[in-house]
Each structure stands twice: as structure tokens, then as C-alpha cells.
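The values are calculated or read from the model by the stated rules, or taken from the named source; none is laboratory data. In this text, all values refer to a predicted model and were calculated from it rather than measured experimentally. Positions of Cβ are generated from backbone atoms using ideal geometry, with glycine treated the same way; all protein chains shown enter the neighbour counts. For the accessible areas, the whole protein counts, side chains as well, though only heavy atoms, and no ligand, DNA or RNA atoms are used. Shrake-Rupley method; radii C 1.70, N 1.55, O 1.52, S 1.80 Å.
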Amino acid sequence: MHGASVINLINIKADESEQYIYRIMPIDRLLESFENQSLALVEPAKWDDPFENLLLKGLVPHSSNDAITSKLFRNSIYGQCWTLHRETDAMWRIYSADKHGVKVRTTIRKLIDSLLQSAEGYERESCFIGKVDYLTQKELVTKLSDIEGMYGINAAKSLLYKRNEFSHEKEVRLIYTMESKQGRIYKFKVDPHSLFDEIVFDPRMNKHIYQAYSQAIKSKGYMGSVRQSVMYQLPKDLVKAFNKASKRTP
């Protein structure tokens with residue numbers, strides 16, 4: 001580990017910090033990241049699953065989660081979702097519905113270190129990264145009810161529980177638990193050139209559009225791997241074998 005310590009890792013062992021994680025985003029967000037040298041975390045209220053953030057919404061009975069505490073911390077926590085999945089059909093179709101998405105790769109360690117370096121004080125108590133724990137609905141409510149105090153690592157833990165129905169996502173979440181002066185987002189400084197070690201475009205993207213976007217990224221000085229996913233392409237050996245067999249067919 002570098003800047004992060006075990007207190008910044010939730011459901012992650014120290015020797016797992018070099019695991020690759022992935023995120024699909026619109027191409028304009030990636031270009032903005034290069035332009036502004038930043039990434040943006042958003043309020044969990046923007047996440048889709050209605051069973052998420054039950055504690056922050058005040059929907060789970062809890063001795064430490066009175067109305068004042070809930071209201072205070074509901075507006076002082078931000079997150080960003082990543083996945084351990086290298087690539088799946090569902091990921092492209094959900095997060096790149098217009099076929100113009102782009103996938104970036106980094107490691108758990110590099111992502112949390114970037115947040116730690118950007119945070120203004122209390123880094124150890126406000127910056128976390130964790131693997132989501134998938135539970136039954138009953139288990140989820142029980143876990144949330146047992147959380148003691150909605151601040152720091154406990155606030156982060158409350159965002160790392162989801163229903164079993166979402167276990168296919170293999171999600172990893174970056175979480176910041178301090179009030180932001182930027183409104184409903186928290187932008188933090190990153191160096192995209194070192195943070196992202198691979199950039200992959202949607203396999204369904206028009207090749208001419210891909211070439212234009214690829215050139216735009218390389219023009220910013222990016223030296224990492226830039227390519228288009230071949231997820232839906234037949235293996236070259238299979239194509240050659242098929243063509244060879246076709247020529248022999250009378």
C-alpha cells in the first residue's frame with residue numbers, strides 16, 4: 001500500500017489493493033477528466049435502487065440515527081461506483097446505452113490514493129473504498145440497524161450493502177464523507193495519465209467515431225493503452241478457419 005491504510009479499506013484486504021477495477025462513463029466525462037484533471041463523486045441519492053441508502057433516508061430504525069443526524073450526514077457523503085468485472089455485455093448496454101461509452105481501468109490502490117491526496121484534512125476519517133456486500137432484504141435491514149453512528153467509516157459502510165439481486169455487479173465504491181462546498185457533487189484532483197492505465201471504447205461504436213475519440217485522447221498526451229473492445233467480434237483464427245472451409249465448399 002502507498003497512501004492508504006487498512007482503515008480506508010472496507011471489505012478489502014491489504015493484499016487485494018492492486019486488483020484492477022473498471023468504470024464505464026460517457027466520453028465527454030472522460031475528456032473533461034483530462035481537461036480539468038478531476039473526477040466527480042455524487043450524492044448517493046442519485047443512485048437508482050430504492051433499497052439503497054435506507055439509513056441516510058431515515059427509513060431504518062436506529063438509535064444513533066435520529067432526524068438531525070440523518071439530515072446532517074445525508075448531505076455530507078459522496079460516492080462513485082466501479083466494478084471488478086473486466087467486461088460484460090450488461091455493463092456496455094446499461095452504462096453505454098448510446099454506444100458512445102468508454103471504459104477506464106485502474107487499481108483499488110491508485111483510486112483511493114488519488115482521493116486521499118486530494119482531500120483537505122481528515123483524510124483517514126473521510127476517504128474510503130470498499131467492496132459491496134450483497135445480502136437478503138432482511139439481512140440488509142439488520143446490518144444497517146446495527147451501524148453505530150452515521151459518520152466517517154460507519155457512514156461509508158452504510159453505502160456498501162445491496163440486495164442479492166445485484167450481486168452480478170461485483171461493485172466497488174469510492175466514498176467521501178465530508179461536506180462539499182461544490183453542491184451535490186465532490187470533485188477531487190487526479191492525474192488521469194497515471195490513474196487510468198487502459199482506455200477501452202464501446203465495441204458497438206462506429207469505427208470512425210472511435211478513431212476520432214481515440215485521437216482526441218492521445219492528443220492530450222495520454223500514453224496508456226487506447227483501443228476498442230472486440231467483445232462482439234469473432235476470433236481471427238475462427239474467421240480464417242471459416243473462410244478456408246468456405247473456399248473448399250463446392
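Close Cβ contacts (under 8 Å, 6 or more residues apart or on different chains) running from residues in segment 190-213 that are more than 24 Å from ALA90 (Cβ to Cβ) to residues that are of a type outside the set (S, T, N, Q) and surrounded by fewer than 14 Cβ atoms within 10 Å (Cβ to Cβ) comprise HIS193/GLY221; HIS193/MET223. What number of residues within segment 62-84 are in a helix (DSSP H, G or I) and either at pLDDT 95 or above or not aliphatic (A, V, I, L, M) (or both)? Number satisfying all stated conditions: 5. Per the conditions (1) hydrophobic (A, V, I, L, M, F, W, C); (2) under 17 Å from LEU115 (Cβ atoms); (3) in contact with a Phe, Trp or Tyr (Cβ under 7 Å, 6 or more places away or on another chain), the sole criterion not satisfied by ILE12 is (3). Inside segment 197-215, residues that are closer than 11 Å to ARG227 by Cβ and assigned to a loop (DSSP other than H, G, I, E, B) make up a count of 1. Per this entry, HIS208 is not counted among residues that are open to solvent by 70 Å² or more (accessible area, probe 1.4 Å), modelled with pLDDT of 95 or more and within 20 Å of ARG23 (Cβ to Cβ).
Here segment 143-190 is the region considered, the condition is being out of contact with any strand residue (DSSP E or B) (no Cβ under 7 Å at 6 or more places or on another chain) and of a type in the set (Asp, Glu), and the residue that is farthest from LEU41 (Cα to Cα) is ASP146.
On inspection, SER145 qualifies as within 22 Å of ILE10 (Cβ to Cβ), open to solvent by less than 70 Å² (accessible area, probe 1.4 Å) and touching a His at 6+ places or on another chain (Cβ under 8 Å).
In segment 112-133, the qualifying residues are those that are open to solvent by less than 50 Å² (accessible area, probe 1.4 Å) and not in a helix (DSSP H, G or I), and the one that is farthest from SER158 (Cα to Cα) is GLY121. For first residues located in segment 113-140 and free of Cβ contacts under 8 Å to residues at least 60 places away in the same chain, partners that are outside any strand (DSSP E or B) and of a type in the set (Asp, Glu) and lie 6+ apart or on another chain with Cβ distances below 9 Å form the pairs TYR134/GLU165; TYR134/GLU169. Of everything listed in (1) at pLDDT 95 or above; (2) open to solvent by 10 Å² or more (accessible area, probe 1.4 Å); (3) touching a Ser or Thr at 6+ places or on another chain (Cβ under 8 Å); (4) basic (Lys, Arg), the single unmet condition for ARG105 is (3). Looking only at residues in segment 137-184 that are in a loop (DSSP other than H, G, I, E, B) and among the basic types (Lys, Arg), which one is nearest to the chain's Cα centre (by Cα)? Residue satisfying both the conditions and the ranking: LYS170. Evaluate the following for SER158: is it under 17 Å from PHE196 (Cβ atoms), touching a residue at least 60 places away in the same chain (Cβ under 8 Å) and open to solvent by less than 30 Å² (accessible area, probe 1.4 Å)? Spelling it out, it is not the case that SER158 is under 17 Å from PHE196 (Cβ atoms), touching a residue at least 60 places away in the same chain (Cβ under 8 Å) and open to solvent by less than 30 Å² (accessible area, probe 1.4 Å). Here LYS170 clears all of (1) more than 24 Å from ILE112 (Cα to Cα); (2) open to solvent by 60 Å² or more (accessible area, probe 1.4 Å); (3) at pLDDT 90 or above; (4) out of contact with any helix residue (DSSP H, G or I) (no Cβ under 9 Å at 6 or more places or on another chain) except the condition numbered (1). Count, please, the residues in segment 85-111 that happen to be in a loop (DSSP other than H, G, I, E, B) and touching a strand residue (DSSP E or B) at 6+ places or on another chain (Cβ under 6 Å). The total comes to 1.
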